[in-house]
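Scroll down for the structure; my scribbles are underneath it.
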Amino acid sequence: MAAKTVKKRKATINRETAETKVKVELDLDGRGKCQAKTGIGMLDHLIEQIARHGLFDITVEAKGDLKVGHHHILEDVAICLGQAFDKALGDRRGIVRMGDAIVPMDEALSLVAVDISGRPYAVIEAVLEGKDISGLDTDLIRHFLQSFATEAKINLHARLLSRGNDHHRVEALFKALGRSLDEATRIDERVGSDVPSTKGKL
């Protein structure tokens, strides 16, 4: 099987504030390897789903004020991961641009669709039953996805299609995010060096 592209599509993003210190490394044309160390076990697990099912190599190192909650680290990791995708994609030449996935996990079913449009927008229909998943505030799932979409400059629609176990539903959602991003970021040889837009620019 041919590689996605011979051009290296990698990015490293560093972000340091009074609240957090975050470093993200991303290779769009990886093999699904992930090293996520955020201090938040569930967040590490969800990042691993994006990497494994999107076949991206992702390294995340984050430290911060966990004593006041998970919000600051989760938000800054989402910002850095989004910026890494934006930077690694460059001028978007030759990419498929759009992708979608519906992923089941036992009783759970989740849908994600993305358009690497250069126009940040997120529609998240993901009402969860409980207040936390393995210690992570469920309200932060929506915030992560919105922050990621804004910084990646993509149009993101994410929807939970069934009720059931919150862990299963969210894990399926992040697997679907990985698969849809993989599809959208792939190089399409038919496109060549063109930008996939009638405007000629994304």
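The values are calculated or read from the model by the stated rules, or taken from the named source; none is laboratory data. It should be emphasised that the depicted structure is a prediction, and the values quoted were computed from it without experimental measurement. Cβ atoms come from the backbone with ideal geometry, glycine included; neighbour counts cover every protein chain shown.
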Sort through 48, 25 and tell me the only one that's over 17 Å from residue 89 (Cβ atoms) and either at pLDDT below 95 or acidic (Asp, Glu) (or both). 48
Hits in the range 94-116 (condition: surrounded by fewer than 17 Cβ atoms within 10 Å (Cβ to Cβ), within 26 Å of residue 25 (Cα to Cα) and not charged (D, E, K, R)): 96, 98
So residue 132 passes all but one of these: (1) more than 29 Å from residue 31 (Cβ to Cβ); (2) touching a helix residue (DSSP H, G or I) at 6+ places or on another chain (Cβ under 9 Å); (3) at pLDDT 95 or above. Which condition number does it fail? (3)
Would you mention how many residues in the range 135-161 are touching a helix residue (DSSP H, G or I) at 6+ places or on another chain (Cβ under 7 Å), surrounded by fewer than 17 Cβ atoms within 10 Å (Cβ to Cβ) and closer than 21 Å to residue 184 by Cβ? 0
Give all pairs with beta carbons closer than 9 Å in which a residue from the range 178-197 that is farther than 21 Å from residue 47 by Cβ meets a residue that is buried (at least 18 other Cβ atoms within 10 Å of the Cβ) and of a type in the set (Asp, Glu); count only pairs at least 6 apart in sequence or on separate chains. 187/29
What are the pairs with Cβ atoms under 7 angstrom where one residue, in the range 99-125, is more than 25 Å from residue 187 (Cα to Cα) and the other, located anywhere, is surrounded by fewer than 18 Cβ atoms within 10 Å (Cβ to Cβ) and β-branched (Val, Ile, Thr)? Sequence gap at least six, or different chains. 109/102
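With respect to residue 145, determine if the residue is outside any strand (DSSP E or B), modelled with pLDDT of 95 or more and touching a strand residue (DSSP E or B) at 6+ places or on another chain (Cβ under 7 Å). Steps first, please.
On the way: outside any strand (DSSP E or B): yes; modelled with pLDDT of 95 or more: yes; touching a strand residue (DSSP E or B) at 6+ places or on another chain (Cβ under 7 Å): yes.
Judged against the criteria, residue 145 is a match.
Check 126, 62 and return the single one that is at pLDDT below 95 and not hydroxyl-bearing (Ser, Thr, Tyr). Let's see the steps before the verdict.
Values: 62 fails: at pLDDT below 95.
Every option except 126 fails the conditions.
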